[in-house]
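Let me begin by presenting the structure, written as structure tokens, before commenting on it.
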Amino acid sequence: MEIRDLATLDECRQVAELEREIWGYTDAEDVVPPPVLIVSVKRGGILLGGFDERGTMQGFVYSIPAVKAGKLTQWSHMLGVTPKARGSGLGSALKLAQRERALAMGIELVEWTFDPLQALNAHVNFAKLGVVVEEYEENIYGQSSSPLHSGSPTDRFVAAWRLTAPHVLRRIEGGGVPLMRDAGVASAQVVNPSMAGRRWIRPSGANLSLNVPRLLVEIPVGFTEMQMEDAALAREWRLSTRAIFQHYFARGYRAVDFFLSRPAGRGQYLLARDGDTHSSSRIAE
């Protein structure tokens with residue numbers, strides 16, 4: 001697909017329509033309106049669209065200028081890909097194009113939020129892009145009209161993408177190839193060993209007293225469907241993992257990697273003390 005900068009009001013209207021299509025928003029408050037999109041790109045925002053061979057927009061990424069610790073950054077507010085284009089690699093391609101635009105501006109940090117219980121998003125963010133997470137925001141967006149959120153609190157990780165960091169470059173160059181866990185990761189203790197369930201794994205009691213260099217935190221695969229079909233279980237996962245991440249982040253840990261196992265129906269975040277961002281060698285599991 002072709003990826004290009006969006007700079008007209010008509011293109012911004014197409015983005016707003018994609019917001020409604022992708023997230024199923026019914027409340028106008030949830031959609032970034034075209035006038036805001038067009039003004040922000042004229043003043044340092046990044047808005048890119050991905051177009052198929054017919055010239056139809058199938059995805060977009062949008063970020064706005066931000067400041068952190070006195071330095072200019074970009075806050076990536078939205079990345080969306082239509083159902084038709086999912087699995088095509090468009091999402092990753094849009095993020096890499098966003099990275100190129102940010103670097104051309106002299107910016108070295110892009111941040112965004114994502115749901116810590118969305119295993120496939122976590123896989124892309126860590127394995128393909130090399131983000132690190134040390135901030136957890138509780139119900140940051142409040143009530144959402146999207147059926148994809150289904151009444152669950154909108155808790156989010158804040159992903160920090162340091163565009164020129166060595167571990168980021170390794171991830172990008174590796175193209176998301178699965179990495180082998182080194183001995184230290186393989187022996188890491190699981191904070192919340194999951195239990196088997198009828199369709200999804202279930203959360204167990206969490207051990208909040210661990211004091212070791214590396215920890216693993218389990219989450220289920222298929223959280224979107226869980227929210228729509230078993231809201232009680234989804235809420236149980238939300239609250240149990242919220243307590244784990246808030247507790248260990250406050251003690252100086254941060255999420256530095258993610259391991260996805262579709263056959264087991266789970267993913268595992270690797271939490272490490274501040275300073276450890278590389279945990280694996282580039283060898284397929």
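The values are calculated or read from the model by the stated rules, or taken from the named source; none is laboratory data. For clarity, every value in this text was computed on a predicted model and none was experimentally measured. Here the Cβ positions follow ideal geometry from the backbone for every residue, glycine too, while neighbour counts run over all protein chains shown. The protein model used for the area step is the full one, side chains on, heavy atoms only, and it has no ligands, DNA or RNA in it. Shrake-Rupley method; radii C 1.70, N 1.55, O 1.52, S 1.80 Å.
A few comments on the model shown:
- Residue that is under 18 Å from the mean Cα position of the chain (by Cα), in a helix (DSSP H, G or I) and under 20 Å from ALA127 (Cβ atoms), where the choices are ILE172, ILE219: ILE172
- The stretch 112-171, subset open to solvent by less than 50 Å² (accessible area, probe 1.4 Å) and at positive phi, residue modelled with the lowest pLDDT: SER150
- Residue match in the stretch 82-104 (condition: buried (at least 18 other Cβ atoms within 10 Å of the Cβ), part of a strand (DSSP E or B), at pLDDT 95 or above and not aliphatic (A, V, I, L, M)): no
- Scanning the stretch 1-12 for residues that are free of Cβ contacts under 8 Å to residues at least 40 places away in the same chain and assigned to a helix (DSSP H, G or I) turns up LEU9, ASP10, CYS12.
- Sole residue being part of a loop (DSSP other than H, G, I, E, B) and within 23 Å of the chain's Cα centre (by Cα), chosen from VAL32, VAL61, VAL15, VAL41: VAL32
- Qualifying positions in the stretch 208-229 - open to solvent by 50 Å² or more (accessible area, probe 1.4 Å) and more than 25 Å from ARG171 (Cβ to Cβ): LEU208, SER209, ASN211, GLU225, MET228, GLU229
- ILE107 being hydrophobic (A, V, I, L, M, F, W, C), surrounded by fewer than 18 Cβ atoms within 10 Å (Cβ to Cβ) and either more than 13 Å from the chain's Cα centre (by Cα) or modelled with pLDDT of 95 or more (or both): no
- All of PRO35, PRO65 fail the test of being in contact with a helix residue (DSSP H, G or I) (Cβ under 9 Å, 6 or more places away or on another chain) and loosely packed, with under 15 Cβ neighbours inside 10 Å, apart from PRO35.
- Output for the stretch 64-81, where each listed residue is among the hydrophobic types (A, V, I, L, M, F, W, C) and either in contact (Cβ under 8 Å) with a residue 12 or more places away in the chain or in a helix (DSSP H, G or I) (or both): ILE64, ALA66, LEU72, TRP75, MET78, LEU79, VAL81
- Scanning the stretch 185-196 for residues that are assigned to a loop (DSSP other than H, G, I, E, B) and open to solvent by less than 10 Å² (accessible area, probe 1.4 Å) turns up at least one hit.
- Summed over the stretch 244-271, residues that are open to solvent by 50 Å² or more (accessible area, probe 1.4 Å), part of a helix (DSSP H, G or I) and either more than 28 Å from PRO166 (Cα to Cα) or of a type outside the set (S, T, N, Q) (or both) total 2.
- GLY45 being touching a helix residue (DSSP H, G or I) at 6+ places or on another chain (Cβ under 9 Å), crowded, with 22+ Cβ neighbours inside 10 Å and at pLDDT 95 or above: no
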